[in-house]
1. Which residue pairs have Cβ atoms closer than 6 Å, lie 6 or more positions apart in sequence or on different chains, and pair a first residue in the range 451-465 that is within 13 Å of ARG314 (Cα to Cα) with a second residue that is surrounded by fewer than 19 Cβ atoms within 10 Å (Cβ to Cβ) and modelled with pLDDT under 85?
2. Starting from residues that are aliphatic (A, V, I, L, M) and within 40 Å of the chain's Cα centre (by Cα), keep the ones in the range 88-117 and report whichever is most open to solvent (accessible area, probe 1.4 Å).
3. Is at least one residue of the range 286-298 at pLDDT 90 or above and closer than 22 Å to TYR198 by Cβ?
4. Kindly indicate whether GLY290 is open to solvent by 50 Å² or more (accessible area, probe 1.4 Å) and under 19 Å from VAL320 (Cα atoms).
5. Step by step: first the residues of the range 34-69, then only those that are within 34 Å of the chain's Cα centre (by Cα) and small (Gly, Ala, Ser), then the one that is modelled with the highest pLDDT. Which residue is that?
6. Any residue in the range 231-246 that's assigned by the TED database to the domain that holds LEU340: show its pairings with residues that are open to solvent by 80 Å² or more (accessible area, probe 1.4 Å) and among the polar types (S, T, N, Q) at Cβ separation under 9 Å, as long as the two are six or more apart or on different chains.
7. Before we move on, is TRP459 modelled with pLDDT under 80 and crowded, with 16+ Cβ neighbours inside 10 Å?
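The values are calculated or read from the model by the stated rules, or taken from the named source; none is laboratory data. These numbers were taken from a predicted model, which means no experiment stands behind them. Note: ideal-geometry Cβ built from the backbone for every residue, glycine included; neighbour counts use all protein chains shown. Side chains included, ligands, DNA and RNA excluded: accessible areas come from the protein's heavy atoms. Shrake-Rupley method; radii C 1.70, N 1.55, O 1.52, S 1.80 Å.
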Amino acid sequence: MAEIVLAEPIQESIASTSRRVYTTNNERPFTRSITYGRDHVPEPFDSEKLPVTLISEIQRFLRVANLIESEEPRVAYLCRFHAFEVAHNLDRNSNGRGVRQFKTALLQRLEQDEEFTLRKRKERTDLRELRCAYREYKDYIIKHGGESNLENRERLTKARVVASVLFEVLDTVSRAAGVQALAGSESSDAKSELFVSYNILPLDQGGIHHAIMQLPEIKVAVAAVRDVRGLPFLDDCRKQETNLDMFKWLQFCFGFQKGNVANQREHLILLLANTHVRQTQKQVVVPKLGDVAVDELMKTFFKNYTDWCKFLGRKSNIRVPYLKQEAQQYKLLYIALYLLIWGEAANLRFMPECLCYMFHHVLYVYGSNFLCKAILEKMAYELHSILTGAVSMTTGEKVMPAYHGDSESFLNNVVFPVYEVIQKEAMKNGKGTADHSTWRNYDDLNEFFWSTECFQIGWPMRLDHDFFCVGSPNNVKVKKEKASVTNLEGNKKDANDDEEMGVR
């Protein structure tokens with residue numbers, strides 16, 4: 001038998017320094033139930049070793065509970081309780097591997113923490129406690145949303161994760177209590193302020209740690225789109241927008257819709273990333289977006305526009321500076337502007353020359369079909385003038401877009417008038433029974449922008465021009481007959497011009 005060695009008694013002085021001893025007047029130590037409320041720091045509940053069938057649905061609640069437990073013990077308890085409810089609803093019979101053991105362990109932890117966290121609750125009800133904690137994180141995100149250094153971005157990312165989880169728990173608790181967690185429209189407004197929906201790239205949710213955002217081609221594309229150095233009106237734009245990039249700057253200048261801006265931003269980043277990775281697939285990873293990738297997109301997007309300019313004998317308003325860094329920025333702005341116009345156009349996409357007309361004029365201020373081309377031409381004119389700081393000959397002030405203001409300015413002032421003509425003409429076709437000579441379809445309207453007469457519409461567009469006048473069927477028939485003769489003569493002349501310019 002092994003020898004039994006008696007342990008040496010612990011000295012009182014050592015014991016007093018190694019741990020804290022709670023005693024009463026009669027030298028009797030407190031029981032665990034009494035001491036649980038004093039300086040007790042519960043151990044984190046394991047949020048990583050979870051049943052495979054539940055991990056995607058409950059892990060975020062358990063992680064956030066561990067993260068905030070020291071500061072908000074009752075809120076952490078409610079997050080774990082919500083995780084238990086979700087797990088139970090997913091597998092009520094605990095048939096999944098390890099589900100029964102997990103639910104038992106979590107339920108024991110909830111029973112253990114219930115009384116303690118209830119005493120630590122700061123508000124009168126759990127609902128108010130959750131709401132208060134959520135608002136603290138919400139206010140922090142709004143206050144520090146524009147900070148860009150790495151340390152603050154990491155804190156902001158954690159705050160967004162916590163706030164998103166608290167919002168889910170708050171919504172569940174409020175519905176269970178039979179009241180609304182966020183009064184009136186605050187629920188949707190608060191959520192929209194913090195969490196912006198996205199398709200593939202989490203650009204507005206602090207998604208720097210998402211796997212897709214770590215791809216080198218995505219990083220270089222995002223950096224290129226966020227390069228706004230040297231653009232005019234930056235100070236005014238920053239007063240209204242945080243995390244400024246090219247798309248928000250164009251939105252500020254021209255009044256594009258917010259949803260359109262978000263969609264086209266992601267669209268361009270993915271296009272740049274795909275083109276960049278194809279150009280560098282046999283080379284070492286390049287930390288910066290190459291000019292070859294941008295030039296390839298320029299050719300793809302603006303081939304129709306340049307052909308349209310040549311056909312009408314107009315000089316293209318796409319003008320690029322000689323400085324290499326500025327040249328890439330200008331090219332990306334032109335592509336972004338085209339995408340935003342296309343995104344707003346709706347049914348006008350069937351009239352590509354009309355979009356070219358818009359783009360042509362907007363581009364000039366700042367620095368592929370007929371009505372579309374005409375609109376593109378006007379906007380290109382505006383963009384070039386703004387970028388170069390051009391001064392208007394009539395007002396003596398710096399050139400500003402003809403249409404700018406709220407987030408639906410371009411839609412209401414540019415797209416809608418043309419769409420309204422399309423709608424009125426469509427109503428005259430008698431559901432397909434009227435003679436085609438009595439109304440104009442997409443091709444007829446778009447054909448107008450294949451002639452130099454389209455420039456008579458002007459920019460801002462003259463809504464009293466014949467193009468916007470939808471007359472009676474008889475008047476339309478006469479106009480179309482005259483237009484067909486004029487277009488026939490014009491096409492013969494344009495064909496000769498094409499041969500001279502080498503365009504086929």
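1. SER451/GLY490
2. Just the residues of the range 88-117 that are aliphatic (A, V, I, L, M), to begin with: 90, 99, 105-107, 110.
Checking the rest, the ones that are also within 40 Å of the chain's Cα centre (by Cα) come to 90, 99, 106-107, 110.
Numbers: LEU90: 96, VAL99: 0, LEU106: 0, LEU107: 73, LEU110: 9 Å².
The qualifying residue most open to solvent (accessible area, probe 1.4 Å) is LEU90.
3. Initially, the range 286-298 is screened for residues at pLDDT 90 or above, giving 294-298.
Now drop any that are not closer than 22 Å to TYR198 by Cβ, which leaves 297.
Checking the range 286-298: at least one residue is at pLDDT 90 or above and closer than 22 Å to TYR198 by Cβ.
4. Numbers: open to solvent by 50 Å² or more (accessible area, probe 1.4 Å): no; under 19 Å from VAL320 (Cα atoms): yes.
The answer is no for GLY290.
5. Filtering the range 34-69 for residues that are within 34 Å of the chain's Cα centre (by Cα) and small (Gly, Ala, Ser), the one modelled with the highest pLDDT comes out as ALA65.
6. Pairs that qualify, where the first residue is assigned by the TED database to the domain that holds LEU340 and the partner is open to solvent by 80 Å² or more (accessible area, probe 1.4 Å) and among the polar types (S, T, N, Q), are ASN243/SER148.
7. On the way: modelled with pLDDT under 80: yes; crowded, with 16+ Cβ neighbours inside 10 Å: yes.
So TRP459 passes the test.
For every residue, the table says whether it meets (1) of a type outside the set (A, V, I, L, M, F, W, C); (2) open to solvent by less than 20 Å² (accessible area, probe 1.4 Å).
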{"residue": "ARG314", "(1), (2)": "yes, no"}
{"residue": "VAL320", "(1), (2)": "no, no"}
{"residue": "ALA327", "(1), (2)": "no, yes"}
{"residue": "TYR330", "(1), (2)": "yes, no"}
{"residue": "ILE335", "(1), (2)": "no, yes"}
{"residue": "LEU339", "(1), (2)": "no, yes"}
{"residue": "GLU344", "(1), (2)": "yes, yes"}
{"residue": "ASN347", "(1), (2)": "yes, no"}
{"residue": "MET351", "(1), (2)": "no, yes"}
